[in-house]
1. Among the listed residues Leu272, Leu278, Leu318, Leu261, which satisfies the condition of being open to solvent by less than 50 Å² (accessible area, probe 1.4 Å) and outside the structural domain of Phe126 (by the TED database)?
2. Out of curiosity, is Leu127 assigned to a helix (DSSP H, G or I), touching a His at 6+ places or on another chain (Cβ under 9 Å), open to solvent by less than 40 Å² (accessible area, probe 1.4 Å) and of a type in the set (A, V, I, L, M)?
3. Please determine, by comparing only the residues of segment 337-386 that are among the β-branched types (Val, Ile, Thr) and modelled with pLDDT under 90, which one is surrounded by the fewest Cβ atoms within 10 Å (Cβ to Cβ).
4. Which of the following residues is touching a residue at least 60 places away in the same chain (Cβ under 8 Å) and over 18 Å from the mean Cα position of the chain (by Cα): Cys375, Cys361?
5. Within segment 86-105, can one find any residue that is under 24 Å from Phe186 (Cβ atoms), modelled with pLDDT of 65 or more, out of contact with any His (no Cβ under 9 Å at 6 or more places or on another chain) and open to solvent by less than 60 Å² (accessible area, probe 1.4 Å)?
6. Looking at Phe244, is it of a type outside the set (Ser, Thr, Tyr), at pLDDT 95 or above and closer than 23 Å to Phe112 by Cα?
7. In a helix (DSSP H, G or I), over 22 Å from Glu313 (Cβ atoms), of a type in the set (A, V, I, L, M, F, W, C) and touching a Gly at 6+ places or on another chain (Cβ under 6 Å): which single residue out of Ala403, Ala407 fits that description?
8. Taking the condition open to solvent by 60 Å² or more (accessible area, probe 1.4 Å) and in the same structural domain as Asp119 (by the TED database), does Glu234 pass?
Amino acid sequence: MPKPNCKYWDKCYQRNEIHLQKYNHPETTGDKIANEENQSSTETEASDQESKNFQDIDNMPDKYETASLREEAMAKLSGKNYMARLQNRIKLSEQKEYDNLVQSNEFIRHKFLVEMPPDFYDFWKFLQQLNPKQDGQEILLYMEKQFQLQLVGPFEFIAGKFQKAKIREPGDYLRHWRFFYDPPEFQTVFVRKSTGIHYGYWRDSPKENDNLLLARNDSRKNCEFVFIAGNIFEAFFYYLDKDFTPTPFTATIVATTKKVLQKFAEAHDIALDNLEKLRKKRNSKVVCKTFHRAGIVVPYDRKTQVGYRPLIESDSELKKILKIFEAGDGETSDPDDRIKTAVMEKLNPIEVAANIAVDECHFGTALERGIDLFCSGHKELHMLIQTLLVQAYSLLHRPQFIAIAKAHLEKRNHSNLSIFDLGN
């Protein structure tokens with residue numbers, strides 16, 4: 001077997017017998033030695049750097065603390081293979097985080113940005129008792145089949161429907177079963193199948209998670225919400241009495257279900273007459289009515305009258321201005337530029353007045369106007385609506401509602417409301 005050449009060729013300084021026996025030392029010029037040394041050094045450094053980069057990827061944490069750390073990590077790596085491996089690590093990390101999150105009720109707070117009240121979990125226990133041999137998703141199907149009632153949003157989570165679901169972007173979870181006229185304060189939990197009728201919890205602050213009123217809206221009719229219950233048990237009773245039409249085949253099931261629910265409520269000390277008490281308490285805090293008729297609640301000092309003041313235009317005058325849109329806002333056409341300009345010119349003084357009111361700590365004024373314009377349903381006003389709502393919710397320390405409002409305005413639809421109906 002031939003001996004390898006020494007990298008120093010005949011310029012080698014070593015005189016060790018073992019070294020001389022192991023390597024050849026042919027004659028060469030100084031330039032060739034330098035080239036060989038440089039090539040060897042470059043290959044060694046490249047190999048070392050490649051090993052280091054792959055080692056860096058493998059040692060990366062499963063979860064990135066911030067987006068900036070992710071960008072920094074990606075910037076330190078170069079080459080298609082490195083980036084592919086890094087992206088794969090990120091996906092695996094996100095999937096692992098999702099799988100851990102979906103095992104606890106933290107999923108609701110993390111994805112929907114609210115916490116559910118105790119009566120919500122009590123109602124699920126009632127449904128499990130009503131159907132002891134069925135799993136979560138079978139219970140959902142039972143309610144839909146027997147009562148034409150879809151239990152959605154957080155119910156779908158505790159039923160296990162999100163367990164194997166595809167991971168979506170954050171806005172998709174905030175838009176999940178959010179109907180066209182639903183303000184950020186409203187969270188849908190009941191839907192009358194194949195209609196616009198839906199019930200949900202109402203929170204004037206995103207941190208509220210107890211003694212919540214439930215409201216009803218039919219999005220196919222208008223933007224108005226009516227408070228119908230003081231807890232979800234009352235809401236289910238209301239649904240069976242008002243929105244569900246029994247048949248001779250379901251009348252017995254409805255009667256039996258009502259009796260079982262009544263006994264469960266008594267056994268667990270759940271009041272079925274909370275509506276008036278909670279509504280009266282909330283009405284004492286409402287500073288103004290809005291187009292959705294539920295009104296808004298903001299901190300308000302009645303002595304100094306700081307927190308809210310009426311705008312320069314009344315509700316009726318604002319509605320007249322918005323009616324101008326209807327001249328071109330039909331099913332198949334949008335308002336032309338002339339109509340849009342006319343409306344915006346009339347709305348501009350109102351916006352200015354709202355900004356002045358905010359400067360003087362009347363945060364409720366901007367919220368009222370933002371909600372009213374939202375309830376008008378005109379997409380041409382979405383940018384103005386977002387400006388008003390972001391400003392109001394920021395000053396009222398309700399950041400969760402900012403995220404919900406932005407997500408809704410980004411893709412505000414009358415149909416395809418479920419995250420499970422979205423395409424790939």
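The values are calculated or read from the model by the stated rules, or taken from the named source; none is laboratory data. Bear in mind that the values here come from a model prediction, so they are computed numbers and not experimental data. Note that we place each Cβ from the backbone using ideal geometry, even for glycine, and neighbour counts take in every protein chain shown. For accessibility, only protein heavy atoms count, side chains too; no ligands or nucleic acids. Shrake-Rupley method; radii C 1.70, N 1.55, O 1.52, S 1.80 Å.
1. Only one candidate passes the filter, namely Leu318.
2. no
3. My answer is Thr341.
4. Cys375
5. The answer is no, given that none of the residues of segment 86-105 is under 24 Å from Phe186 (Cβ atoms), modelled with pLDDT of 65 or more, out of contact with any His (no Cβ under 9 Å at 6 or more places or on another chain) and open to solvent by less than 60 Å² (accessible area, probe 1.4 Å).
6. no
7. Being in a helix (DSSP H, G or I), over 22 Å from Glu313 (Cβ atoms), of a type in the set (A, V, I, L, M, F, W, C) and touching a Gly at 6+ places or on another chain (Cβ under 6 Å) holds for just one of Ala403, Ala407, which is Ala407.
8. No: the conditions fail for Glu234.
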